[in-house]
Each structure stands twice: as C-alpha cells, then as structure tokens.
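Engineer: First the structure, then my questions, so here it is.
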Amino acid sequence: MKRTPGILVAGFIVLCFFIFPQGSNATSWAYMFVVWDGYVYVVSEEIAEEVGNEIGEVTAFSDMEQLSGNFSNAYREGTKYYSIEGTDTSEAIAVEVGNRYIKAYREQQYQTSDTAPGSEPDYVAGGLIFAGFTAVGGLGVYLFRRRVSAKAG
C-alpha cells in the first residue's frame, strides 16, 4: 500500500513528459532559397543570362534555423543578388554563385519564427496546465494519505 503514492508521482512525471515534449531546434527545408525584400525566392538550376544591377546580398546564413533579414539556407553571407534584365524582381532575381548567376523565383512572403503568428510556444498556458496537474496530483496524494491514516487510526 505504501508504494501507491510513489507510483502516482512517477506516473505524473511521465505524463508531464508527454504533455510537454522537448522540441528540436533544427529546421529542414525542401529546397534551397534566399530571402530578399521580405520574400522567399526559390533557387532554380537556370542560368540568368542578362543580369542587371546589384539589389542586395545574403546577410544571414543557416542550414539549421530560421533567421531574419536577407536570409539563405544555401548561400553564405555576402552572396550578391541582382535584378534580371526584362524580368520584374517580383517574379525572379539572380543569385551570384561563383562566376555565374542562377535564377531564383519568388515563392511567398517570408515570415521568421518571431513574426509568424502562433509560432512561439505559449509558455503561460503550459505553465498553467503544469500547475493544474501539480495541484490535482498533490491533492490526490493528500486525500490518499488522509484516507490511509483514517483507516489506520
């Protein structure tokens, strides 16, 4: 009979691990891209023949996490972006790779994890849920011990 509160506490701890799982910080992408002017441009394998003016460069690189600014998951900081003659930048831009220019097509507006709605974990709600489970578990242990001591006495 004395093992029951211990089993309840152990079960509660295991339950908490399932309710509050530890997430991975790594991010994976299905394609190579650059971000320019707030939009994602998916890098193709097409060569841009007629390149216009320089319009920007990669300011942040990571293949593990999402960053703000002119971010890329494929190209290092300093990689230059160019306009393409006869193509509006709302359609495509050129990315300088070595001594060639690769076309990147505009896909969607870019949202970093700190600007995407609902992307941040809700720590307040999680804390309240944890406090609620702790209170219910503590009350259960208290009532169980009270019942056991009443039977013994």
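The values are calculated or read from the model by the stated rules, or taken from the named source; none is laboratory data. Computed from a predicted structure; not experimentally measured. Glycine also receives a Cβ, built like all others from the backbone with ideal geometry; neighbour counts cover every protein chain displayed.
Engineer: Looking only at segment 108-143, which residues are at pLDDT 70 or above and small (Gly, Ala, Ser)?
Structural biologist: ALA125, GLY126, GLY127, ALA131, GLY132, ALA135, GLY137, GLY138, GLY140
Engineer: If you don't mind, there's one more thing I want to ask. Counting only residues that are surrounded by fewer than 13 Cβ atoms within 10 Å (Cβ to Cβ) and without any contact (Cβ under 8 Å) to a residue 40 or more places away in the chain, how many does segment 91-107 have?
Structural biologist: 3
Engineer: A follow-up question, please. Filter segment 48-66 down to the residues that are surrounded by fewer than 18 Cβ atoms within 10 Å (Cβ to Cβ) and outside any strand (DSSP E or B) and list them by number.
Structural biologist: GLU49, GLU50, THR59, SER62, ASP63, MET64, GLU65
Engineer: Can you name every residue in segment 71-85 that is buried (at least 20 other Cβ atoms within 10 Å of the Cβ) and in a loop (DSSP other than H, G, I, E, B)?
Structural biologist: ASN73, TYR75
Engineer: Another one. Just for segment 60-80: of the residues that are within 13 Å of TYR39 (Cα to Cα) and among the hydroxyl-bearing types (Ser, Thr, Tyr), which one is nearest to the chain's Cα centre (by Cα)?
Structural biologist: The extreme case among them is SER68.
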